[in-house]
Amino acid sequence: ADDVTLQLKWVTQAQFAGYYVAKDQGFYEEEDLNVEIKPGGPDIAPVQVLAGGGADVMVDWLPSALAAREKGVPVVNIAQPFARSGLTMVCRKETGIESPEDFKGKTLGTWFFGNEYPLYSWLSKLDLPRDGSENGVTIQKIGFNVDPLLQKQADCITAMTYNEYWQVIDAGLSEDDIVVFNYTDEGVATLEDGLYVLEDKLQDPEFVDRMARFVKASMKGWMWARDNPEEAAMIVLDNDATGAQTEKHQTRMMGEIAKLLGEDATLDEAAYKQTVDTLLQGGSDPVITKEPEGAFTHEVSKKAM
Amino acid sequence: MTAAADTAPTRTTTPVFRRAVEGKTLPILIVLGVILLIWYAFTVHLNAPWQIDAYERAETEWTAADLVRDTMAQERPVLPSPHQVVAEIWKTTVGTRLTSKRNLFYHAWITLSSTLLGFVIGTALGVLLAVGIVHNRAMDKSVMPWVIASQTIPILAVAPMIIVVLNAIGLSGLLPKALISTYLSFFPVVVGMVKGFRSPEAFQLDLMRTYNASGAQTFWKLRWPAALPYLFTSMKVAVAISLVGAIVGELPTGAVSGLGARLLAGSYYGQTVQIWSALFMAAALAAILVGVVGIGQRMVMARMGEKP
Amino acid sequence: MNANPAIRQEASSPQTSQPVVEAKGLGLTFETNDGPVRALADVDLTINKGEFVSFIGPSGCGKTTFLRVIADLEQPTAGEILVNGLTPEEARRKRAYGYVFQAAGLFPWRTIEQNVALPLEIMGYSKAEQKERVHRTLDLVNLAGFEKKFPWQLSGGMQQRASIARALAFDADLLLMDEPFGALDEIVRDHLNEQLLDLWARTGKTIGFVTHSIPEAVYLSTRIIVMSPRPGRVTDVIVSPLPKERPLDIRESPEFLEIAQRVREGLRAGHGDD
Amino acid sequence: MNANPAIRQEASSPQTSQPVVEAKGLGLTFETNDGPVRALADVDLTINKGEFVSFIGPSGCGKTTFLRVIADLEQPTAGEILVNGLTPEEARRKRAYGYVFQAAGLFPWRTIEQNVALPLEIMGYSKAEQKERVHRTLDLVNLAGFEKKFPWQLSGGMQQRASIARALAFDADLLLMDEPFGALDEIVRDHLNEQLLDLWARTGKTIGFVTHSIPEAVYLSTRIIVMSPRPGRVTDVIVSPLPKERPLDIRESPEFLEIAQRVREGLRAGHGDD
Amino acid sequence: MNWALTGALLFWAAAWALNEWLAKLNPRSAPAKRALGILIPAIFGITLLVVWEGLVRGFNISPVLLTPPSAIWARLVSSVPTLWADFQQTFLKAVLIGYAIGCGAGFLTAIAIDRSPFLQRGLLPLGNFVSALPIIGVAPIMVMWFGFDWPSKAAVVIIMTFFPMLVNTVQGLTASSAIDRDLMRTYASSYWQTLFKLRLPAAAPFIFNALKINSTLALIGAIVAEFFGTPIVGMGFRISTEVGRMNIDMVWAEIAIAALAGSLFYGAVALLERAITFWHPSMRSG
Ligand SMILES: Nc1ncnc2c1ncn2[C@@H]1O[C@H](COP(=O)(O)OP(=O)(O)OP(=O)(O)O)[C@@H](O)[C@H]1O
Ligand SMILES: Nc1ncnc2c1ncn2[C@@H]1O[C@H](COP(=O)(O)OP(=O)(O)OP(=O)(O)O)[C@@H](O)[C@H]1O
Ligand SMILES: Cc1ncc(C[n+]2csc(CCO)c2C)c(N)n1
Ligand SMILES: [Mg+2]
Ligand SMILES: [Mg+2]
């Protein structure tokens, strides 16, 4: 069997259910692949792992992949299982925020690691400076949980539809207590979980073939997971070495993830274009300075179908 | 004389009580009690705003008694109450299969193994470097400043790169994590041992000179024993830092298991109680490790004729 | 003053040819936080093989410093010195001497017997030999029974004796002793004086000996060096006419008292300009 | 033996009524890793106000231990002891005594003058007074000019003198001195002996003094306590008939030599069973 | 073997030999001595940098893994205002304040423990407990309690520096010799007098050990704590953010500043140590 190492962007959770399912259900085996899945975390930049030879393929978000590309690590998108973005901005209603215009003078908490760019371009679209002034907004870097919102340290925080949003709900705030802004609705969505490899490796037909089989099996896993959310969640739980995840949360996450999945693994060029445009106008220090070239290929996803 | 004879029987009949009064048990219990009291007070104080908010959202009537009760039983409190933490620890240690990934002992063991490996390598490295620094002028002058500089590099920032690089050259598993521990723990040992190796009095060194003792002999018969008090003090600090290093080292390896992974996972999902129980497990581990070093210290110092 | 030239001859004749210590114009100045301290100046001295030379002089006059220079523990800042025809450093490397420090300086983490065995370990004596020598020298200084005690469990005088035992445990041809018997009572001191003389006569060692006791200096030495206070200079050299064989009661003899008187005068002269 | 009872009377009469140290059946046993060591046994002794009492005995016999018991640095395991009618602890708290240790024990981080000022600082003397006293006592021990040096820059004897100065700097009625002059040469020693006698006569202090030198003991004391080796017992108490006024050359007088001889015999007897 | 690598290794060998030779020089004058004291570590450091540059170029290592020193330097000089702002936030506020409070608290606790046998038995074991509260667990909690700005970072620094100071001070307070304590006893010296005049000076070498170790720990603590929530300024913030942006040169520029600041901090403590514990044998031997 051929070996493939996959580096995830985040810790083991239903966000990556497709890959775990494919492994668990033997879809990879069917394609004569032996896949190792490496969980990520806040301290793992998948691009570094890829560049260091620690993985053959990674799950990453397009903004950070494009940033890496401009910095000289030629990563290429070979497949895009997630068609839609799950990124939102959640605010407490009592702050009086009803529309994005009301951000003025408020404190917004965001993740960094490249996640701040969509927010920055959104803010520049709204013409709000990020300097913490009366007429602008105060940006704060938050850790990967929702405490700043609950503790009223921030008025709004970034949240994924499939994860943090539900943590806010679980904490006791009802849907009526919060206001949710979806990045897609605001026109600043960026493409999320895609599969990326190093460009020069694609010279090798054997590698392309291996990746095609990998994408094929993975998509099979995703489809299976979409159809069997409970079982998929259990498979994820089985693979969680921290023993910290709960069944309830993962099942619900799987349900939300299913809404983001596309029909196949092909990258939608319109969505790609929108991501690039969003990033190019990211305000004073845009994440990328020029239109990227060759950042994606359909070769693998075509072959996979 | 007679008075002593009178009290003797009472003493022998209640050794448990005597141990409690004269030993460490009672003081620890009292200090612990005070800390618990303060903790409970803070639990109510810190969790109250959220609780009052919740009452207001639900538009329920509430009394002070309700508040106290409810602040100690929140699901994601700012500060969990002691009994919540104890219950969680109990549930995740005794209440779970030992081999299960949900068992805290399992994670503690993972962390402990890389702590110990890192600590042993770190101490050895620290001592070796100190030996080099004390014996070689070039090393003294050139290495020490850079050893210091190395410690000012924020480990969490470079740990991922280190892990990636080590991975690239084929090192994975326990060792990369342990190396993070090593990196943090060798420093207190270097600082302490350089001082310790230089602590012999001038006349003691002179004595060795008159015997024309070789460097190695002066080292083993004078510098080393003279440095032992410094070694143990350094090792206490080093083993504690080593544990911190092991936990830090777990993050860039995918934070899959170990107390660090538990801490992070708890933090992602806002499970304060889980964070605190992992925190306590780590602290208990540290206390035990430091205690073990302390016992070793007492044994060695007694053999070296330290005046009691 | 050489009341008995024949005997004097006997005491030093076999050695005249072979100098063990030769100092010429020796000087040493310490640099301290408030200016230089001249500890030794212009010391010219030759000690021949088999001599027993005592140094006597007011406190702080440089006796210890001079022994330390011989032992290569201090570098002279003027003049030169040879030990066994070599530089002090070379001589030290050849383990030419044993040294008893003014302070006992036992290692607190070693028991008494381990302290005495220290030089033996370093010089690579066998375990059995170590044991035998430790036993013998501890006996010599009356410390049998204290082998397993730690230094702090001993009285001041006992510690001093342990440190003497340590220097006697190995066979150096040159013994440098800095007030070895200062902390001992008269009886023990007499006993050790006899033992030391006996050892010296038996082995033909060369001994450099600092003391504050005039009778002790006279009783032990073939030559007494009187030093003046800072900067330490040799103000008087008194050659003893006493025979090599010296019973304790020689100390009541007129020759003895005469020499003692001369030393005392030399000393007093030195103190005059203090 | 009281060749001169009248003089004897004079030396001790004003004090008989007021005991400063009273020991009854005093015993002290150290527990060590290899069994108990009996350092003192059955010591009965009274020291009266204004007396100058010397302790003499073989090395390791318990002299230091006895002084330490008086000073409340060691707890007796048998018998009892009173100092100024109080327990040693109470007496210590009242700063009843000054103590000169056998080893100099200067603090390396303090200069000589700061070391001497240490007890003065602790006892709350004014800055000016401190300065004056430090100056005076350093002069007394011939260390003027070394005020700013650190201990390791001094010779052994100089360190010893600094530690004597430290104990003399404040006014304790009881002085406990453990071989204070052991590391000093005869001339300095004579000088300090005179100074000490002078101080004693002038101030009426009570002095407990450990020494190994028989002449020194006889020269200084109103009473000489001879101790036997382990366990330390008092084997002989010799009352000195010498007058309070003692020029140095009294040491050649027949009374002096007679007492010295008696002390020597007492000591020798003690050594017999060692 | 390629030329960059070979060159670097040759340079290393030459520099090492030079240093060995320099170290053996024993200059008499004080300025020459001081110059040597700077020259030798500088040569060593330059060697490290040259070898680093050689390795990166020689092995053609990807810039996102390891940046060559030349690129770091370029970034450093071009981003001075940012670096200065970060330095102010992290070092001047969180580190210095946390360090002072943490060391002070450890020291005072050690005194309290020493003063009271009850606390010694009751508090010291619990002190060990605090010793390894892992920064990763504590940092989020501190952010929760003290907010995003520097106070929460200072709190982390306090926790990190507390234990080394506690342990070293407790050990140091036992370092005075029995005879010296006896001497103080004969003066009926009060507890505090003995403490200030004897036991603390004797403990100083140990206390300085802790101050030195803490000077670097404090920096690590403050930087790492910023990973868990900060306003958008600070060395830790910059490092974690720029890693995400693949600006590894900026990351190393911050690290270089951290190393420089930490070394100066350590050096200042070491100078103070030399001035205060000049009497200790380890200082006298030079
Ligand atoms: N701390 C201790 N532990 C055990 N034994 C001790 C201790 N201190 C003293 N001793 C023992 O008690 C005895 C008496 O000691 P002490 O110091 O009183 O003698 P000393 O008369 O002062 O002798 P020296 O003239 O040599 O100073 C010795 O045999 C010594 O070994
Ligand atoms: N390390 C040093 N630094 C500065 N001065 C020193 C040092 N060692 C000794 N001295 C000075 O040198 C002089 C001679 O000291 P030395 O120890 O040789 O005297 P000594 O004759 O042995 O005296 P004692 O009989 O008191 O032991 C003294 O004045 C002393 O202050
Ligand atoms: C390195 C890195 N860490 C976190 C995120 C943000 N993020 C992406 S998915 C996810 C999980 C949501 O439950 C989070 C927090 C990122 N983009 N890159
Ligand atoms: Mg001397
Ligand atoms: Mg004694």
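The distance between label points at A:E29 and B:R303 comes to 5.5 nm (points 7 Å beyond Cα on the Cα→Cβ vector). Counting from the shortest, the label point at D:E132, 7 Å from Cα toward Cβ, is 6.8 nm from the same position in each remaining copy.
Modelled spin labels at E:Q88 and D:R202, positioned 7 Å past Cα toward Cβ, are 6.7 nm from each other. Largest GNM mean-square fluctuation among E:F228, E:F146, E:F162, using chain E with Cα springs under 10 Å: E:F146. Where only DSSP H runs of four or more residues are counted, chain D gives -11500 deg cm²/dmol as its mean residue ellipticity at 222 nm, each run worth -39500 (n - 2.57). Using Cα springs under 10 Å in a Gaussian network model of chain B, which residue among B:I52, B:I247, B:I169 shows the largest mean-square fluctuation? Result for chain B, Cα springs under 10 Å: B:I169 fluctuates most.
Inter-chain Cβ neighbour count for A:134-146, averaged per residue, equals 5 (cutoff 10 Å, partner chain atoms only).
Placing a label point 7 Å from the Cα of D:E252 along the Cα-to-Cβ direction, the distances to the matching points in the other copies come to 1.9 nm, shortest first. Listed by chain and number, the lysines whose C-alpha is less than 25 Å from the C-alpha of C:K24, apart from same-chain residues fewer than 8 away, are C:K49, C:K63, C:K94, C:K205. Computed from Cα positions, the angle between helix A:229-238 and the longest principal axis of chain A comes to roughly 80 degrees.
Inter-copy label distances for D:K24: 7.4 nm (label point placed 7 Å from Cα along Cα→Cβ; shortest first).
A simple charge model with +1 on the Cβ of Lys and Arg, -1 on the Cβ of Asp and Glu and nothing else charged puts the dipole of chain E at about 780 debye relative to its Cα centre. The distance from the alpha carbon centre of the range E:150-175 to that of the range C:244-263 is 67 Å, rounded to a whole number.
Run the accessible area of the range B:104-303 with a 1.4 Å probe and give the carbon-and-sulfur part as a rounded percent. Answer for the range B:104-303: carbon and sulfur cover 73 percent of the accessible area. Given R0 = 25 Å, the distance between the Cβ atoms of E:W21 and E:F59 translates into a calculated FRET efficiency of 0.20.
Here's the list of aspartates and glutamates a cross-link from A:K9 could span, going by alpha-carbon distance under 12 Å and ignoring same-chain residues fewer than 8 apart: A:D43, A:D60, A:E192, A:D193.
Centroid-to-centroid, using Cα positions, the range A:145-201 and the range B:221-261 are 38 Å apart.
Along its three principal directions, the equivalent ellipsoid of the protein assembly as shown from the Cα gyration tensor extends over semi-axes of 78, 36, 26 Å, largest first.
The chain D residue nearest the rotation axis shared with chain C, using its Cβ and rounding the distance to whole Å, is D:G182, 2. Excluding same-chain neighbours fewer than eight residues apart, the aspartates and glutamates reachable from D:K148 by a Cα-Cα span under 15 Å are C:E31, C:D34, D:E113, D:D139.
Taking one quarter of the surface of the convex hull spanned by the alpha-carbon atoms of the range D:106-171 gives a direction-averaged projected area of 3.8 nm².
For D:R136 and E:M283, the FRET efficiency from 1/(1 + (r/R0)^6), where r spans their Cβ atoms and R0 equals 56 Å, is about 0.95. List residues of the range C:192-217, by number, whose backbone nitrogen lies under 14 Å from a label position 7 Å along Cα→C-beta of C:K244. From the range C:192-217, the list is C:197-207.
With N as its number of residues, the range A:130-175 has a Cα radius of gyration that, divided by 2.2 N^0.38 Å, comes to 1.26.
Applying a 10 Å radius around every beta-carbon, put D:24-31, E:88-95, A:241-248 in order of their mean neighbour count, most first.
Per-residue mean Cβ counts within 10 Å order the peptides as E:88-95, A:241-248, D:24-31.
Computed from the Cα positions only, the extents of chain B along the three principal axes stand at 87, 78, 35 Å, in decreasing order.
Counting protein heavy atoms only, the range C:106-171 has 51 percent of its accessible area on carbon and sulfur, 1.4 angstrom probe. For chain B, the mean residue ellipticity at 222 nm estimated from helices alone is -26500 deg cm²/dmol, where every DSSP H run of n ≥ 4 contributes -39500 (n - 2.57) and the total is divided by all residues, rounded to the nearest 500.
With the simple model of a label 7 Å out from the Cα in the direction of the Cβ, E:A100 to E:A275 spans 1.7 nm. When shorter helices are ignored and each DSSP H run of at least 4 residues is given -39500 (n - 2.57), the per-residue value for chain A at 222 nm works out to -11000 deg cm²/dmol.
Just to confirm my numbers, what's the Cα centroid distance between the range E:1-62 and the range D:144-207 in Å? Rounded to whole Å, the Cα centres lie 57 Å apart. Here's how it looks for A:L267: its modeled amide H is under 5 Å from those of A:Q80, which are all 5 or more places away or on a different chain.
Computed about its Cα centre, the charge dipole of chain C is approximately 560 debye, with only Lys, Arg, Asp and Glu carrying charge at their Cβ. The A:D209 and A:A270 beta-carbon pair, evaluated with R₀ = 30 Å, returns a calculated FRET efficiency of approximately 0.55. Remark: for residue pairs A:K273/A:K303; B:K141/E:K24; D:K149/E:K197; B:K195/B:K221; A:K38/A:K216, the C-alpha separation exceeds 21 Å in A:K273/A:K303.
The values are calculated or read from the model by the stated rules, or taken from the named source; none is laboratory data. Everything quoted here is computed from the prediction, not taken from an experiment. For neighbour counting, all protein chains shown are included, and Cβ atoms are generated from backbone atoms with ideal geometry for every residue, glycine included. Protein only, heavy atoms only, side chains kept; ligands, DNA and RNA dropped before computing areas. Shrake-Rupley method; radii C 1.70, N 1.55, O 1.52, S 1.80 Å.
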